[in-house]
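Everything on this sheet refers to the single structure shown next.
The values are calculated or read from the model by the stated rules, or taken from the named source; none is laboratory data. It should be emphasised that the depicted structure is a prediction, and the values quoted were computed from it without experimental measurement. Positions of Cβ are backbone-derived with ideal geometry, glycine not excepted, and every protein chain shown enters the neighbour counts.
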Amino acid sequence: MDSMMTLALFPLLLTGATVLVVMLGLACKRSYAVTAGITIAGLVAAFASVCAVTPAAPQKITPLLLIDRYALFYQGLILASAAVVALLCYRYFEKHEDQREEVYLLLVLATLGCMVLVASVHFVSFLLGLEVLSVSLYGMVAYWKERGHALEAGIKYLVLASASAAFLLFGMALIYGATGDMSFSGIRDLSVSGSSAALVLPGIALAATGIGFKLGVAPFHLWTPDVYQGAPAPMTAFVATTSKVAVVALLLRFLPASSQYPPVHLVFSIIAVASMCAGNFLALRQSNVKRILAYSSIAHFGYVLVAFLAGSTMGSGAVSFYLVAYTATTLAAFGVVTLLSNSDGDADDVEDYRGLFWRRPMLASGFTAALLSLAGIPATIGFLGKFYILAAGADASAWLLMIVLVVTSVAGLFYYLRVVVTMYSPAPEAPPQEPRVSWEGILVIGVLTILLVWLGFYPDPLLRLIRAAVAISA
Amino acid sequence: MILFLLIAILLLGGIAAAISARWNTRLPRWISLAAITLDLLLTARVSVNTAPNASNGWISEVDWNWVPSFGIHFHLAVDGLSLLMLALTFFLGIIGVLCSWSEIREKVGFFHFNLMWVLAGIASVFLAVDLFLFYFAWELMLIPMYFLIVIWGHERRVYAGTKFFLFTQCSGLLMLVAILALYFAHHQATGVYTFEYSELLGTHLGGAELPIMLGFFAAFAVKLPVVFVHTWLPDAHTEAPTAGSVILAGLMLKTGGYGLLRFVFPLFPRAGHQFTPVALTLAVIGIIYGAVMAFSQTDLKRLVAYTSVSHLGFVLLGIFSWNPLALQGAIMTMICHGLSTGALFVVVGGLQERIHTRDLDRMGGIWTVAPRLSASALFFSLASLGLPGLGDFVGEFLVLLGSYKVSIPLTAFATLGILASTFYALRMIQRAFLGPNAHSWRLPDLTPREGLMMSAMIAGLLWLGLYPQPVLKTFTPAMDHLQREAQMPGAIARR
């Protein structure tokens, strides 16, 4: 391993080091503030190193990992979102009575898993990353175990995630049986008409089941609303953004051109349509903000799959841009939920937001921007994301998928607007007990909101970054 | 640059208005008034220099690179048509601020913020000649309008606002898909990625032309509104606050007509002509349906809303007849309808502020207590029913003259619409203002502020009705340009 390789590994090494330091620190002396400080510093340092090591890319490190601009781009996105989650966690878990420090340990560990995922080009690293992520997530979801739904959510996630991992492993075994190769490039070279098709297609289907579960796309979406509702708000943000981003990034590497296998293409098209419909229509009758956001995330990954199915650099560009948009927007939305939550429970009832604009104009404006961005309204990054996806769809002439996207996203508008209207309604007589909003909370929401709107007006730098990243991977 | 300023002034003015409300609730009103007046003056300045660029017909333009990765430009341009629409926008914007002066008492800063931003959105729609920018502005004007309806509206405001939003957004997304299809078709034909209007003109689309045209038509039809997709309109107009109704009826409906003129025929001449019989039939159904529905309303504001469906039917008729007379008529109708219906909404809003009801059954005899208010109501109703000498007459007459050349039976039916408009307008005056004062209303008459608004709009309608020449002359070069672009290749060959 030469120095360039070590350099390219730096973000991973730094994150791994943060895990160790946090763990050893906890073994010596418990201090909530110090643990949080080390975590955030570690994540920020790793993020900085991502920017610094870009010139060293691409580096192939053992057959397992490929650190190219694509991997670095996603590692940057993952680290940034994890840092935001860590910031949001600070006041939130301060109210938790005992053993609140481990939440940071789990958070960094899960981040490490995500970073391995996006750099992996081999089944072994794929599984390694996925399991590091999943095992930490079990703990994170059920962290506030005194609360009603937390254990239910944790166990649900544990059982379903293990089952899906089993599917994934079986799929990998089948593909390995056909190709004799565990690297992703093995399947890429294989033709579907060959004698091995009988093994490869079921293999891909089973692997897709595992991936579909992690993304929470229909029909593997049943865990999503319950886990979103039961998990503590910042952890929900992590599940919704970082973990899903990593899996989509992996999917693009795993199946860069799904049209190569018509049956697989068909199955993914059905999944995309089902997710867009299920997510948007099931959300209509929800009155819990976290559940609404859960169903909306099902729909959003349906949109992402439309771009994924479009293939080509246009499609992968659209996927990547949409993921950035989705991450920033969802973090802002869950950030507001986190800041309004107190130790009794999360502020997840729509009624908690009645009249919020007249009480907390800053937070309500941020939440409005986030909801409009999720709905894909211009002047927000969400609109450009949707535009990019539609452009990729038009480029690939996927008219049916585009029409479904348009129709379902109009249905989606309805529930976003319901939350928005509630925020701008007259305030109730007795406003709910809301905690004081901390300065770092305002900072996070403010920065994310500005980012949402700024990139909504001026996306060019981000577009260039993404084009450079996906051009190399393709 | 001046065109960019027009929008920037409104956007910044809106922010300033929102902030200034912290100190004083009168400040946002004055700031908005000043900003919109400034815009009106700037528009007048642009119009002084009416010598259009010979090659593309623009009087003034700005063109900046915006998102080079997609070939998107920030390209604003005006010709005579957009200039008139801009002048109407700012004029009705001033009316909107003035008629909210005493009606809006709560959340004044945020109200003016939304008012200014909706005007900015509408102005950008009239200015944008990059299709991406056009779509951007098209959607951007929805949000503030939505807030105006759901925060300051009447009883069923949330229902009406949501319905308005869903209708326009759904049709807007269809237009986005159509824009993208056009974008890629143009790329296939020429190898250039661009959203630029003047470059997309004349793109060869083949069989895809009709579906793409329908995508555009869907968006404009909902806004205009064309009958069958008009159902958002009565709700939104009725529930919106007065300024919201004025802007909806006076301006937002016009963006639909403007879109049909600017984009549908020039970009898709063949499909446009194929679609003409359907569109003309829809127009005539709309004219008669709107008039009949207006006649049977008991809610005064809903009545005025339905008259819009009828009047905008004439605009659709004129545009799809696509000959010079009909087009002149359509544009005149758009402008005059903005003034007369906007004014009627101001009258109804003023009345509601005084008697707290819009129910025709609870009115009557208002003339005896508020003669000046009632007289202006009569004047605008007469304008709206097409009394010769007032603006609407000129527009509708020209439309009928033009459509006569295209289809005599349809023109005959459309003329019935004018007849029906006499019934609903006179019924409204008779039920609301004439008769004995059975409810013993004691009302203040027009305040000086209201008197000023009314006189300005009365003067405008008289001017347009008696001496429309300057207006016709302003948009004629633009109209000729559009017609040249929309010339079918076959028609050119025949000449």
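Exactly one residue out of B:ALA305, B:ALA221, B:ALA243 is over 21 Å from B:PHE380 (Cβ atoms), in contact with a helix residue (DSSP H, G or I) (Cβ under 8 Å, 6 or more places away or on another chain) and among the small types (Gly, Ala, Ser): that is B:ALA221. Filter the range A:54-91 down to the residues that are β-branched (Val, Ile, Thr), over 18 Å from A:ARG464 (Cα atoms) and modelled with pLDDT under 90, then identify the one that is nearest to the chain's Cα centre (by Cα). Checked the range A:54-91; the qualifying residue nearest to the chain's Cα centre (by Cα) is A:ILE61. Where helices (runs of 4 or more DSSP H) fall entirely within the range A:176-291, those with at least 3 residues that are without any contact (Cβ under 8 Å) to a residue 60 or more places away in the chain are at A:197-215, A:262-283.
B:SER82: of a type in the set (Ser, Thr, Tyr), within 14 Å of chain A (Cβ to nearest Cβ) and within 27 Å of B:PHE167 (Cα to Cα), yes or no? No: the conditions fail for B:SER82.
The set of residues in the range B:45-79 that are surrounded by 14 or more Cβ atoms within 10 Å (Cβ to Cβ), of a type outside the set (A, V, I, L, M, F, W, C) and within 14 Å of chain A (Cβ to nearest Cβ) comprises B:SER69, B:GLY71, B:HIS73. All of (1) within 12 Å of another protein chain (Cβ to nearest Cβ); (2) touching a strand residue (DSSP E or B) at 6+ places or on another chain (Cβ under 9 Å) hold for A:VAL404 with one exception: (2). Looking across the range B:90-105, just one residue is in a helix (DSSP H, G or I) and either within 14 Å of chain A (Cβ to nearest Cβ) or under 15 Å from B:VAL471 (Cβ atoms) (or both), and that is B:PHE91. Can you find even one residue in the range B:394-404 that is of a type in the set (A, V, I, L, M), at pLDDT 90 or above and surrounded by fewer than 17 Cβ atoms within 10 Å (Cβ to Cβ)? The answer is no, given that none of the residues of the range B:394-404 is of a type in the set (A, V, I, L, M), at pLDDT 90 or above and surrounded by fewer than 17 Cβ atoms within 10 Å (Cβ to Cβ). Filtering the range A:428-470 to residues that are small (Gly, Ala, Ser) and over 22 Å from the mean Cα position of the chain (by Cα) leaves A:ALA430, A:SER438.
Of note, B:LEU344 satisfies the criterion of being closer than 16 Å to B:MET428 by Cβ and either at pLDDT 95 or above or among the aliphatic types (A, V, I, L, M) (or both).
Across the range B:30-67, the qualifying residues are those that are of a type in the set (S, T, N, Q) and under 17 Å from B:ILE95 (Cβ atoms), and the one among them that is modelled with the lowest pLDDT is B:THR43.
Screening the range B:169-279 for helices (runs of 4 or more DSSP H) wholly inside it with 2 or more residues that are surrounded by fewer than 21 Cβ atoms within 10 Å (Cβ to Cβ) and among the aliphatic types (A, V, I, L, M) returns the ranges B:209-223.
For the range B:54-65, indicate whether the set of residues that are in a helix (DSSP H, G or I) and at negative phi is non-empty. No, the range B:54-65 contains no residue that is in a helix (DSSP H, G or I) and at negative phi. Among the criteria (1) more than 30 Å from A:ALA198 (Cα to Cα); (2) touching a Pro at 6+ places or on another chain (Cβ under 7 Å); (3) of a type in the set (Gly, Ala, Ser), the one A:SER296 does not fulfil is (2). Touching a Pro at 6+ places or on another chain (Cβ under 6 Å), away from chain B (no Cβ under 14 Å) and either buried (at least 24 other Cβ atoms within 10 Å of the Cβ) or closer than 30 Å to B:ALA185 by Cβ (or both): is that true of A:THR338 in this structure? Against the criterion (touching a Pro at 6+ places or on another chain (Cβ under 6 Å), away from chain B (no Cβ under 14 Å) and either buried (at least 24 other Cβ atoms within 10 Å of the Cβ) or closer than 30 Å to B:ALA185 by Cβ (or both)), A:THR338 qualifies.
Cβ-Cβ distance below 6 Å, separation of 6 or more or different chains: which pairs start in the range B:445-458 with a residue that is acidic (Asp, Glu) and end on one that is surrounded by fewer than 16 Cβ atoms within 10 Å (Cβ to Cβ)? Within 6 Å, the pairs are B:ASP445/B:ARG372.
Once the range A:444-474 is narrowed to residues that are within 14 Å of chain B (Cβ to nearest Cβ) and not in a helix (DSSP H, G or I), the residue that is surrounded by the fewest Cβ atoms within 10 Å (Cβ to Cβ) is A:TYR458. Restricting the range A:373-384 to residues that are closer than 15 Å to A:SER296 by Cα and under 17 Å from the mean Cα position of the chain (by Cα), the residue that is farthest from the other protein chains (Cβ to nearest Cβ) is A:LEU374. Within the range B:149-160, being more than 11 Å from chain A (Cβ to nearest Cβ) and buried (at least 23 other Cβ atoms within 10 Å of the Cβ) holds for one residue alone: B:ALA160. The set of residues from the range B:161-217 being away from chain A (no Cβ under 13 Å) and farther than 19 Å from B:VAL129 by Cα comprises B:ALA189, B:THR190, B:GLY191, B:HIS204, B:LEU205, B:GLY206, B:GLY207, B:GLU209, B:LEU210.
Look at (1) more than 10 Å from every other protein chain (Cβ to nearest Cβ); (2) within 26 Å of A:PRO361 (Cβ to Cβ) and you find that B:PHE110 fails only one, number (1).
Whenever a residue of the range A:415-443 is more than 14 Å from chain B (Cβ to nearest Cβ), its partners that are in a loop (DSSP other than H, G, I, E, B) and of a type outside the set (Gly, Ala, Ser), lying with C-beta atoms within less than 6 angstrom and at least six residues away or across chains, give the pairs A:PRO428/A:ARG354.
Is it the case that some residue within the range A:357-366 is surrounded by fewer than 19 Cβ atoms within 10 Å (Cβ to Cβ) and either under 21 Å from the mean Cα position of the chain (by Cα) or modelled with pLDDT of 90 or more (or both)? Yes. Among all residues of the range A:323-337, there is none that is in a strand (DSSP E or B), over 14 Å from the mean Cα position of the chain (by Cα) and at pLDDT 85 or above. Go through the range A:347-372 and give me each residue that's in a helix (DSSP H, G or I) and within 12 Å of chain B (Cβ to nearest Cβ). Those that are in a helix (DSSP H, G or I) and within 12 Å of chain B (Cβ to nearest Cβ): A:PHE357, A:TRP358, A:PRO361, A:ALA364, A:SER365, A:THR368, A:ALA369, A:LEU371, A:LEU372.
The criterion of at least 2 residues that are polar (S, T, N, Q) and buried (at least 24 other Cβ atoms within 10 Å of the Cβ) is met by the following helices (runs of 4 or more DSSP H) wholly inside the range A:61-147: A:69-94.
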